[in-house]
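Novice: Have a look at the structure that comes next, please.
The values are calculated or read from the model by the stated rules, or taken from the named source; none is laboratory data. Predicted, not measured: the structure shown is a model, and the values here were computed from it. Every residue, glycine as well, gets a Cβ built from its backbone with ideal geometry; the counts of neighbours run over all protein chains shown. With ligands, DNA and RNA removed, areas are computed over all heavy atoms of the protein, side chains included. Shrake-Rupley method; radii C 1.70, N 1.55, O 1.52, S 1.80 Å.
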Amino acid sequence: MTSKLLVVYQSRSGGVQKIVDAFISGVTLAAEQATRKITVLSQHPFDTVAADVIAAHAVVVATPEHFGSMAGATKHFFEEIWHECLEETVGKPWQLIVKAGNDGTGAVQSVERLVTGLQWAKFRPPLQVIGDITETDTNSAVELGASLAASIELGLV
Ligand SMILES: Cc1cc2nc3c(=O)[nH]c(=O)nc-3n(C[C@H](O)[C@H](O)[C@H](O)COP(=O)(O)O)c2cc1C
């Protein structure tokens, strides 16, 4: 049995990319031990359509904070999928990752407010990385990915 994990992310200067890479390495590590195969589809918000979300077992949204909110491309993704997903994806497990220069709260709030409308099921509280990325941050991302993969394997999400 295969589960699809969709990771939708934007990264201009590499910060979100680094966290997403760590997250996916955690997924891959955990999935190696699992009987249930997990396929990760990681792509830019502009390349993502409602069918990708509907087909996914779980969705990870990773965004920088831009001007006190989610990045424009992330907002475009939600605008694009909104109507098709509104009824189709209620209860979809999801995880938020935010990378910001010095704040991050606006990005978290803007995404969470929107996803409340979609009625997705939050896996863990948002992973927020503020400022320079430390080893603790990448380790947290690896652990989060491994934890999500293990939860999918165990049928907990
Ligand atoms: C146009 C723009 C707007 C930004 N606005 C904010 C902001 O409102 N709050 C904040 O904490 N960081 C802000 N930042 C910093 C980014 O969130 C931070 O550099 C982040 O690491 C970018 O992710 P990336 O490296 O994946 O592109 C902004 C950066 C850019 C380019």
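Novice: Condition first: farther than 28 Å from ILE130 by Cα, out of contact with any helix residue (DSSP H, G or I) (no Cβ under 8 Å at 6 or more places or on another chain) and in contact (Cβ under 8 Å) with a residue 12 or more places away in the chain. Now tell me which residues in the range 1-32 satisfy that.
Specialist: Listed by number, the residues that qualify are MET1, THR2.
Novice: Sort out which residues of the range 84-125 are β-branched (Val, Ile, Thr), away from the ligand (no atom under 16 Å from the Cβ) and either open to solvent by less than 20 Å² (accessible area, probe 1.4 Å) or in contact with a Ser or Thr (Cβ under 8 Å, 6 or more places away or on another chain) (or both), and write them in order of number. Walk me through it before giving the result.
Specialist: Here is the first cut: in the range 84-125, the ones β-branched (Val, Ile, Thr) are 89-90, 97-98, 105, 108, 111, 115-116.
Going one step further and asking which of them are away from the ligand (no atom under 16 Å from the Cβ), we end up with 89-90, 115-116.
Once the filter is applied, which keeps residues that are β-branched (Val, Ile, Thr), away from the ligand (no atom under 16 Å from the Cβ) and either open to solvent by less than 20 Å² (accessible area, probe 1.4 Å) or in contact with a Ser or Thr (Cβ under 8 Å, 6 or more places away or on another chain) (or both), the range 84-125 yields THR89, VAL115.
Novice: Also, quick follow-up: In this structure, does LEU41 turn out to be over 20 Å from LYS122 (Cβ atoms), touching a residue at least 24 places away in the same chain (Cβ under 8 Å), open to solvent by 50 Å² or more (accessible area, probe 1.4 Å) and in contact with a strand residue (DSSP E or B) (Cβ under 7 Å, 6 or more places away or on another chain)?
Specialist: Working: over 20 Å from LYS122 (Cβ atoms): yes; touching a residue at least 24 places away in the same chain (Cβ under 8 Å): yes; open to solvent by 50 Å² or more (accessible area, probe 1.4 Å): yes; in contact with a strand residue (DSSP E or B) (Cβ under 7 Å, 6 or more places away or on another chain): yes.
So LEU41 passes the test.
Novice: Restricting to the range 47-71, count the residues that are of a type outside the set (Asp, Glu), surrounded by fewer than 13 Cβ atoms within 10 Å (Cβ to Cβ) and within 25 Å of VAL129 (Cα to Cα).
Specialist: The qualifying residues number 1.
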